[in-house]
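All remarks here apply to the structure that follows.
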Amino acid sequence: MTDTATIAPTANVSPDVHIVDLHGRQFILVGTAHVSKQSVDLVKEVIEAEHPDRVCVELDEKRYESLARRKSWVTLNLKEIIYKKQLSTLMINLILASYQKKLGDKLGVLPGTELLEATKVADAKEIPISLCDRDVRTTMRRAWHQTSFFKKSYLVASLFGSLFDDTELTEEKLTELKSTDVLTELMEELGQALPELKRVLIDERDTFLAEKIKEAPGQKVVAVVGAGHIQGIKQALNEDRSEQMAEINTIPPVSPLWKIIGWSIPALIIGSLVGIAFRKGGAAAGDNLIYWILANGIPSAIGALLALAHPLTILAAFVAAPITSLTPVIGAGYVTAFVQVMLMPPLVGEFETVFEDIVTVAGWWKNRLLRVFLAFFLPGIGSMIGTYIGGYQIIKNLF
């Protein structure tokens, strides 16, 4: 396989268009920046000039829906998200989307506009479309799973830090951003400290995108992808990586070690309470049980209070924490988040302003959607503290 020098006149002046011939088929790769007006124009020009048999875009179903329906956040079923334990994934998606929108506002184009433009032009010309990216939820979960326990805190801190970074962009930086894939640039910066993260977010997706592009029907295929993926995709097109698809599209199971640890802590605490009952009597066991309830309930309730949660959510935190701490199946944060959504559901306007509110400290308490996340994280942290304090004291009293 070789890159051919023969390209469409409209694309001939752009170094962002790469044509690859493979087994009698032609793949036209258009490298874009997700917040660049020039990329939007280039995508339209290439598709109209080439009129391919198929247009592939670097989107999955979820991201396509969010771009095609800009107000799709309003239709979020928060109760279902909490039930499926996907609040953390939603939070990361919001942060990444906010990061791109912040840059997009400065550059004058919404992030992902060029991908949406590709689908619109293809639809207008009755050209079939293929969504070729891996499900964003799978990508995020694999990234989280591949990140070591100690580096997870660095990842979270870096993501949140990007929200409140108000550094002014220089003209040089603006020019650079217009010619690169902004999200890829962010991930490459993180990849220097977290190489396992880059492997999941960039390298694995290069393979996934390339294989999906090859699967697309037609002799001539235009693929619109972030500029940061171009070289990786070109290399992957030249190889057969189909055997890797099943593995990189699977969410790894939780390690048995973590399951053992998750159940051993409750077993140790319950066993200690039973041991106290046998050694020191039922009254002593009752006192330790009350201590457990207070040690868990109070910090978790304080967390809900700091989140300015509904009074009944605060009560739910106090009641739930001592119970959920004795099972790894569900955490106190999921209980409090669900109760908060039931009692103070986010308003439509708050879904629409979430990207503006998320970049300010006050916005987290003003916006009800973001306050759900506070009502999830803060009581959960309180419960973790209470588990350590209560568990330590009960085990100490046993001996």
**OP:** Return the total of residues in the range 364-390 being surrounded by 18 or more Cβ atoms within 10 Å (Cβ to Cβ) and more than 30 Å from P266 (Cβ to Cβ).
**Re:** 5
Subject >> Residues satisfying the stated conditions in the range 191-248, i.e. in a loop (DSSP other than H, G, I, E, B) and closer than 29 Å to F149 by Cα >> reply: L194
**OP:** Determine whether the range 316-328 contains at least one residue that is over 18 Å from I381 (Cβ atoms) and not hydroxyl-bearing (S, T, Y).
**Re:** no
Subject >> Of all residues in the range 273-291 being assigned to a helix (DSSP H, G or I) and not hydrophobic (A, V, I, L, M, F, W, C), the one that is nearest to the chain's Cα centre (by Cα) >> reply: Y291
Original post:
If the Cβ limit is 7 Å and pairs must be 6+ apart or interchain, which residue in the range 325-337 that is under 13 Å from Y83 (Cβ atoms) pairs with which residue that is in a helix (DSSP H, G or I) and hydroxyl-bearing (S, T, Y)?
Top reply: I330/T324; V335/T324
Original post:
Considering the range 341-359 alone, what residues qualify as being touching a Phe, Trp or Tyr at 6+ places or on another chain (Cβ under 8 Å) and of a type outside the set (F, W, Y)?
Top reply: E352, V354, D357, I358, V359
Original post:
Restricted to the range 11-37, and to residues that are small (G, A, S) and under 20 Å from L115 (Cα atoms), which residue is modelled with the highest pLDDT?
Top reply: G31
Original post:
Mind checking which pairs have a first residue in the range 197-220 that is without any contact (Cβ under 8 Å) to a residue 12 or more places away in the chain and on the phi < 0 side of the Ramachandran plot and a second that is surrounded by 18 or more Cβ atoms within 10 Å (Cβ to Cβ) and hydrophobic (A, V, I, L, M, F, W, C), Cβ under 6 Å, 6 or more apart or different chains?
Top reply: none
Original post:
Can you name every residue in the range 19-69 that is in contact (Cβ under 8 Å) with a residue 12 or more places away in the chain, part of a helix (DSSP H, G or I) and among the acidic types (D, E)?
Top reply: E45, E48, E50, E61
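The values are calculated or read from the model by the stated rules, or taken from the named source; none is laboratory data. Source: prediction; values computed, not measured. A quick note on method: Cβ atoms are made from the backbone with ideal geometry, for glycine too, and the neighbour counts reach across all protein chains shown.
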